[in-house]
Amino acid sequence: MLWTTDLAAAQHCAARADFSGCLARCQTLARAHANDPEALLSIGTLLLSAGLLSAAETCFARASTLAPRDARPWVNRANRAREAGEHARARQIMQALLEQFPNHPVIRRNALTSLEYDPAASDTERFAQARAWGQWAQTRAGGPHPRLLLVPRDSRPLRIGYISADICQHTVGLFIKDVLAAHDPARITPIVYHAGQVRDWVTQQISQSVQLREVSALDDAALVAQIRADHIDVLIDLSGHTAGSRLSVFAHRPAPVQVSWLGYFATTGLTEMDAVLLDAWHAPPGTESQFIEPILPLPAGRFCYQPVPWAPKDLSPPPVAHSARITFGSFNNTAKLNDGVYDLWAQILAAVPDSRLLLKWRTFNDAALRQRVTQAFVARGIAAERIELRGPSFHADLLKEYTELDIALDPFPFTGGLTSCEALWMGVPVITWPQSRVVSRQGFALLSAIGLAELAAADAQDYVRLAVALANDPDRLRALRTGLRERMRCAPLMDVAGFTRELEGTFIELFERVALAEEPG
């Protein structure tokens, strides 16, 4: 495969943020290997990761023509559609793939995750598809499997296993790294099973504080055997149905107690799960109907946040203070954008004269997507020059760009998690609209945790009202800018030791409850 050297050069361009160079090299390479589906798949995958959606689609479309029985080009086309916010198209592709490849693990997993972004997907549909996945996984595992014998805890520390493909600079890795380091060895012996391909400073930091096993090369049977050999008491899935998930391992019951937490935002669909860890903000009464798993509340909240080491130490005043022009913004994934979001954001811009909207995500590298998003606002009466769309940057630079925002607007129904934490840490208040699905309540949970639940809307009209009212209150904006970090520091959201003690207590209580229920007679 002579093209791999040229592809590596294109990857190097992307790594140093030379996206025009990456695009040019990839296009040249694609023309030279226009009849090689493997080359086109690899080129398209790089382009997709760089946010160059149109060029990626060209490669995937050609590959799907050359290799019509290969699922991979179509999986990537569905992913591209989702990234572009084309949820009807993504759903159409996924449905066709499921019919053609009903036992393909990646297709089944991606179909579930895509539904979480899709505003047209009902709670009933999402639950039914997850339950069907659980039954499929259980059948493939030769199950149902009996629960393993629980070894009495007495005074020994519980052996806790965490499985994730995201033990790196990823939302999950950043949320979990300090919690892992804070575990009390007298209560918990943690083992991390790293199922992903990326290894970076987060992976290194975690490996220095806990035992970390690299398991990406293990199939389900081998990973089950490893977990059992490690005598894990409570096994925690941190991925759900997201990329690289090893959730199908849980259908084999490799540990006596199994839990879903942090990396996913809906039911896994597995009856083998003993609990899903949420909180009262994410899971108000009635949420139980959306989950196979029993909901186990975390009193301090579902997240524990710490800023990255390179986060700016100082905050600037709100930009409206020197520009007399409000800047709204969102640095969320464009897969979270939809017509409902455009409608309300356009109403906000119309109600705040001379305001502008700054959106940032890697897919704004793509000219066609920029045109489509801009046109969505123009069609709603907002001049194109009031919309600024920015592509990716290094994380340190992205955090600095929050200095240009007065107010962050949370998309819906898939709201921000780590993105909202970073906006708040940079002094930018977030307006959010919690709805029925758990993922729509992330912003509300974060605001509630720091005593700012008043920035969460009751409905669409209230979302617009809150954003407009805050835009017209410069004193409130200034007070929030200067006070948000202290609010966060004083909240359980950033109390790593306190959060970890409560998490450990939750694990111990669950283990003992299951042990008691399993006692004979």
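The values are calculated or read from the model by the stated rules, or taken from the named source; none is laboratory data. No experiment lies behind these values; they were computed from the predicted model shown. Quick reminder, even Gly has a Cβ in these numbers, built from the backbone with ideal geometry, and neighbours come from all protein chains shown. These area figures cover heavy atoms from the full protein model, side chains too; ligands, DNA and RNA do not enter into them. Shrake-Rupley method; radii C 1.70, N 1.55, O 1.52, S 1.80 Å.
In whole percent, and with a 1.4 Å probe on the protein chains, what portion of the accessible area of the chain is carbon and sulfur? Please list the in-between numbers first.
Details: 11100 of 20500 Å².
Reported share for carbon and sulfur atoms: 54 percent.
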Can you work out the Karplus-derived ³J(HN,Hα) for every residue in the stretch 166-175? Use 6.51 cos²θ - 1.76 cosθ + 1.60 with θ = phi - 60°, whole Hz, and x for glycine or proline. 10, 7, 6, 6, 9, 3, 5, x, 5, 6
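When the chain is fully extended, how far beyond the present Cα-Cα distance does residue 145 get from residue 473, taking 0.36 nm per residue of separation?
Numbers: separation 328, 0.36 × 328 = 118.08 nm, distance 5.89 nm.
In short, 112.2 nm is gained.
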List the relative contact order of the stretch 148-306 as a percent without decimals, with contacts defined as Cα pairs under 8 Å and 6+ residues apart. 23
Between residue 222 and residue 2, what length in nm is gained on full extension when 0.36 nm per residue of separation is reduced by their alpha carbon distance? 75.8 nm
Name the lysines eligible as straight-distance cross-link partners of residue 336: C-alpha to C-alpha under 19 Å, and not fewer than 8 places from it in the same chain. 360
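What ratio of Cα Rg to 2.2 N^0.38 Å holds for the chain?
Working: Rg = 23.2 Å, N = 521, 2.2 N^0.38 = 23.7 Å.
The chain yields a ratio of 0.98.
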Which residues does a label at residue 385 reach in the stretch 334-372, if reach means a backbone N under 19 Å from a point 7 Å past the Cα toward the Cβ? 349-359, 371
Please give the Cα centre distance for the stretch 478-504 versus the stretch 368-425, rounded to the nearest Å. 25
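Where does the charge balance sit around residue 207 when Lys and Arg score +1, Asp and Glu -1, over other residues with C-beta under 13 Å from its C-beta?
+1
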Using a simple spin-label model with points 7 Å from Cα along the Cα→Cβ vector, what separation in nm is obtained for residue 96 and residue 71? 1.6
Defining a contact as two alpha carbons under 8 Å apart and six or more residues distant in sequence, what relative contact order in percent does the chain show? 13
Evaluate the distance, in nm, between pseudo-label points positioned 7 Å from the Cα of residue 323 and of residue 12 along their respective Cα→Cβ axes. 3.7
Mark the label point 7 Å from the Cα of residue 371 along Cα→Cβ and return the residues of the stretch 64-86 whose backbone N is within less than 11 Å of it. none
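Work out, step by step, the length gained on full extension between residue 401 and residue 509: first 0.36 nm times the residue separation, then minus their alpha carbon distance; give nm to one decimal. Before the final figure, lay out each step's value.
On the way: separation 108, 0.36 × 108 = 38.88 nm, distance 4.33 nm.
Gain on stretching residue 401 to residue 509: 34.5 nm.
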Computed ³J(HN,Hα) along the stretch 265-279: with the Karplus parameters 6.51/-1.76/1.60, θ = phi - 60°, integer Hz and x for glycine or proline, the list is 9, 7, 5, 6, x, 9, 6, 6, 7, 7, 6, 10, 8, 10, 8
Separation of the residue 314 and residue 20 label points, Cα + 7 Å toward Cβ, nm: 3.3
Accessible area of the stretch 176-330 divided out per residue, in Å², using a probe of 1.4 angstrom: 35
Residue 94 - accessible surface, heavy atoms, 1.4 Å probe, Å² rounded to 10: 10
Sequence order, the stretch 431-438: Karplus ³J(HN,Hα) from phi using 6.51 cos²θ - 1.76 cosθ + 1.60, θ = phi - 60°, Hz rounded, Gly and Pro as x, gives 9, 9, 9, x, 10, 7, 6, 4
Can you give me the accessible area per residue for the stretch 77-168, using a 1.4 Å probe, in Å²? 45
Two-site FRET efficiency, residue 104 against residue 394, from Cβ-Cβ distance with R₀ of 45 Å, rounded to 0.05: 0.80
Please report how far the C-alpha centroid of the stretch 43-83 lies from that of the stretch 210-255, rounded to the nearest whole angstrom. 30
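To the nearest 500 deg cm²/dmol, what mean residue ellipticity at 222 nm is calculated for the chain from DSSP H runs of n ≥ 4 alone, each contributing -39,500 (n - 2.57), summed and divided by the residues?
Working: 20 runs with 246 residues, N = 521.
Per the formula, -15000 deg cm²/dmol.
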